[in-house]
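Colleague: I have a structure here, written as structure tokens, and I will follow up with some questions on it.
The values are calculated or read from the model by the stated rules, or taken from the named source; none is laboratory data. Treat the numbers as computed from the prediction; the structure is a model and nothing was measured. For neighbour counting, all protein chains shown are included, and Cβ atoms are generated from backbone atoms with ideal geometry for every residue, glycine included.
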Amino acid sequence: MSPRAPVITISMAKGAWAVWVATGFGAGRAPRAPGTAGSLLALALWWPAGLWGLGPYALLLVLVIGVGVPITARAALALGRRDPPMVVWDEIAGMGVALFAVPHQILGFAAAFGLFRLFDIVKPFPIARLEALPGGYGIMADDVLAGVYAALLVQGGLWWTGSILH
């Protein structure tokens, strides 16, 4: 056995772990619409965080985005694709952004979900350009911006209607 064998084994194990996390613990392996599957998982994951208040929510969001850059980069490398469709950690992060400060009600979460999916699929300017960023930055940045667009529209709609949904 060569001295490099353990290093390769460790590297593969780390790659497998990154793929498992980056695919939303398997949600991204859905046979159809893996991004939507990841976004639905995100709704379930962000729902309890919506009760914590803006400070803890924002801290968790920064952590999810920060961890997402290296995890998605490693998973993409392990899967041999620049931005594999089954990698949905970016959708989890983007949904977290879309849901920031949204009233903790089903209607608000549904609006954020629908708008996020729309912007993630259509990719209005400059979302598509962000995909060209290197590694995990390109994987994550377009979904984070799609989340920003969704959050702005949801918050704008709440302001416009004078509604808080509570």
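Colleague: So which of ASP83, ASP90, ASP120 ends up being at pLDDT below 90 and among the acidic types (Asp, Glu)?
Modeller: So the residue among ASP83, ASP90, ASP120 that is at pLDDT below 90 and among the acidic types (Asp, Glu) is ASP83.
Colleague: Checking PRO124 against (1) over 15 Å from the mean Cα position of the chain (by Cα); (2) in contact (Cβ under 8 Å) with a residue 12 or more places away in the chain; (3) outside any loop (DSSP other than H, G, I, E, B); (4) surrounded by fewer than 21 Cβ atoms within 10 Å (Cβ to Cβ): exactly one of these is not met. Which one?
Modeller: Unmet condition: (3).
Colleague: Do the conditions hold for GLY15, that is, is it surrounded by 18 or more Cβ atoms within 10 Å (Cβ to Cβ) and either touching an Asp or Glu at 6+ places or on another chain (Cβ under 9 Å) or more than 21 Å from PRO103 (Cα to Cα) (or both)?
Modeller: Answer is no for this residue.
Colleague: Looking at the stretch 20-52, which of its residues are farther than 23 Å from ARG74 by Cα, part of a loop (DSSP other than H, G, I, E, B) and of a type in the set (Phe, Trp, Tyr)?
Modeller: TRP52
Colleague: Among the residues in the stretch 110-117, are any buried (at least 16 other Cβ atoms within 10 Å of the Cβ), over 23 Å from TRP52 (Cα atoms) and basic (Lys, Arg)?
Modeller: The answer is yes; a qualifying residue exists.
Colleague: Condition test on LEU77, is it at pLDDT 90 or above and within 16 Å of the chain's Cα centre (by Cα)?
Modeller: no
Colleague: From the list ALA93, ALA75, which residue is touching a residue at least 60 places away in the same chain (Cβ under 8 Å), within 22 Å of GLY136 (Cβ to Cβ) and touching a helix residue (DSSP H, G or I) at 6+ places or on another chain (Cβ under 8 Å)?
Modeller: Of the residues listed, the single one that is touching a residue at least 60 places away in the same chain (Cβ under 8 Å), within 22 Å of GLY136 (Cβ to Cβ) and touching a helix residue (DSSP H, G or I) at 6+ places or on another chain (Cβ under 8 Å) is ALA75.
Colleague: Against the condition closer than 17 Å to ALA141 by Cβ and either touching a Lys or Arg at 6+ places or on another chain (Cβ under 7 Å) or without any contact (Cβ under 8 Å) to a residue 12 or more places away in the chain (or both), how does VAL62 come out, does it pass?
Modeller: Spelling it out, VAL62 is indeed closer than 17 Å to ALA141 by Cβ and either touching a Lys or Arg at 6+ places or on another chain (Cβ under 7 Å) or without any contact (Cβ under 8 Å) to a residue 12 or more places away in the chain (or both).
Colleague: A further question on this structure: Identify all residues within the stretch 48-104 that are hydroxyl-bearing (Ser, Thr, Tyr) and either surrounded by 21 or more Cβ atoms within 10 Å (Cβ to Cβ) or farther than 30 Å from GLY162 by Cβ (or both); write none if there are none.
Modeller: Correct list: THR72 only.
Colleague: Does any residue of the stretch 101-115 turn out to be touching a Phe, Trp or Tyr at 6+ places or on another chain (Cβ under 6 Å) and in a helix (DSSP H, G or I)?
Modeller: no
Colleague: Which number in (1) under 16 Å from VAL19 (Cα atoms); (2) in a helix (DSSP H, G or I) marks the one condition that LEU61 misses?
Modeller: If we test LEU61 against (1) under 16 Å from VAL19 (Cα atoms); (2) in a helix (DSSP H, G or I), just (1) comes out false.
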